[in-house]
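These notes concern the structure reproduced below.
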Amino acid sequence: MLHNFEQRLEHLVTGAFARTFRSAVQPVELAAALQREVDNSAQILSRNRRLIPNTFTIELSPTDHERLAPYTDTLSSELIEMLREHANEQHYVFAGAVSVQFVERDDLTTGRFRVTSKARAKVTPVEGQPMTETAVRRAPVLLEVNGVKHPLEPPGVVIGRGTEADLQVSDPGVSRRHVEIRVRPGPESVTVSIYDLGSTNGTKVDGRRVQQAELHDGSEVQIGNTTMVLRNPRAHAEGPGEVAGV
């Protein structure tokens, strides 16, 4: 597979590309490191399926990063194709859409690099739920998933992998209807609670497996390989002890 990867690059790029790699980081080294990263990160889903990360970051020295800058799009595409082939051979399942990005790190010397990865599932917002800054600002509470804030309004949402869920998370470790988050308004505040809907892999709140639990500002909810954080924009403004439930 690594040989095929090199052959494809030879057909796609010019001699300038080959000269770029002559004395620094080699494409095949990057490809092999990515393969090791997914092999070491694979988690068992079933007998024939293992979950692997889908977002990869390759950290390069300033010299290597500058040298590779004109070719990163081509190289990223080929590395992603190589990862997909490797995943098919090993019966791996990506957590979501695959991406490879290159970043510069001052602590690395020429020819040295690091590969890191994360499982980052695609999240489909609640149908009909506006995602504007105004909607986020006015929502009583927010659910932050993969860096995106989703407004939560009463009575709440069902979260899962299936199309019947309100908030869809394309994580293979998430059940079709995994959890329900209930939002109950009160005279001075809102109360937020979470209920596991009989999911296969369970639900954790702040590291503890639960069937149901009250959520507060900053509560971390893990379903499958996806971590969600509850945010109450008013909690900090109102001060500690003044918000019930959230």
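The values are calculated or read from the model by the stated rules, or taken from the named source; none is laboratory data. Note that the structure is predicted; figures quoted are calculated from it, not measured. Note that we place each Cβ from the backbone using ideal geometry, even for glycine, and neighbour counts take in every protein chain shown. Just the protein is used for accessible areas: all its heavy atoms, side chains included, with ligands, DNA and RNA removed. Shrake-Rupley method; radii C 1.70, N 1.55, O 1.52, S 1.80 Å.
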| Of the residues 109, 124, which single one is among the polar types (S, T, N, Q), surrounded by fewer than 21 Cβ atoms within 10 Å (Cβ to Cβ) and more than 24 Å from residue 55 (Cβ to Cβ)? | 109
| query | Out of region 144-159, which residues are open to solvent by less than 40 Å² (accessible area, probe 1.4 Å) and within 15 Å of the chain's Cα centre (by Cα)? | reply | 145, 146
| message | So for region 110-117 (the condition being touching a strand residue (DSSP E or B) at 6+ places or on another chain (Cβ under 8 Å) and under 30 Å from residue 180 (Cα atoms)), does at least one residue qualify? | response | yes
| If you take the residues of region 50-64 that are open to solvent by less than 10 Å² (accessible area, probe 1.4 Å) and assigned to a strand (DSSP E or B), which of them is modelled with the lowest pLDDT? | 51
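On the given criteria, is residue 79 crowded, with 17+ Cβ neighbours inside 10 Å, not in a helix (DSSP H, G or I) and not polar (S, T, N, Q)?
No.
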| message | Return the pair list, or none, for Cβ contacts closer than 6 Å from residues in region 93-113 that are at pLDDT 90 or above to residues that are open to solvent by 50 Å² or more (accessible area, probe 1.4 Å) and in a loop (DSSP other than H, G, I, E, B), at least 6 apart or on different chains. | response | none
| task | State yes or no: is residue 103 farther than 27 Å from residue 45 by Cα, among the aliphatic types (A, V, I, L, M), out of contact with any Leu (no Cβ under 6 Å at 6 or more places or on another chain) and surrounded by fewer than 13 Cβ atoms within 10 Å (Cβ to Cβ)? | result | yes
| Looking at (1) open to solvent by 10 Å² or more (accessible area, probe 1.4 Å); (2) over 17 Å from residue 112 (Cβ atoms); (3) under 21 Å from the mean Cα position of the chain (by Cα), which is the one condition that is false for residue 36? | (2)
| message | Return the residues of region 177-216 that are under 18 Å from residue 154 (Cβ atoms), part of a loop (DSSP other than H, G, I, E, B) and in contact (Cβ under 8 Å) with a residue 40 or more places away in the chain; say none if nothing qualifies. | response | 186, 188, 189
| Here are some conditions: (1) touching a helix residue (DSSP H, G or I) at 6+ places or on another chain (Cβ under 8 Å); (2) farther than 22 Å from residue 55 by Cβ. Residue 149 meets all but one. Which one does it not meet? | (2)
| Residue check, residue 96 against (1) outside any strand (DSSP E or B); (2) farther than 23 Å from residue 42 by Cβ, all met but one. Which one? | (2)
| task | Please state which one of 205, 174 is within 30 Å of residue 53 (Cβ to Cβ), in contact with a Lys or Arg (Cβ under 6 Å, 6 or more places away or on another chain) and surrounded by 16 or more Cβ atoms within 10 Å (Cβ to Cβ). | result | 174
| Counting only residues that are under 15 Å from residue 150 (Cα atoms) and of a type in the set (D, E, K, R), which one in region 205-246 is modelled with the highest pLDDT? | 220
| Looking at (1) outside any loop (DSSP other than H, G, I, E, B); (2) more than 18 Å from the chain's Cα centre (by Cα); (3) buried (at least 19 other Cβ atoms within 10 Å of the Cβ), which is the one condition that is false for residue 165? | (1)
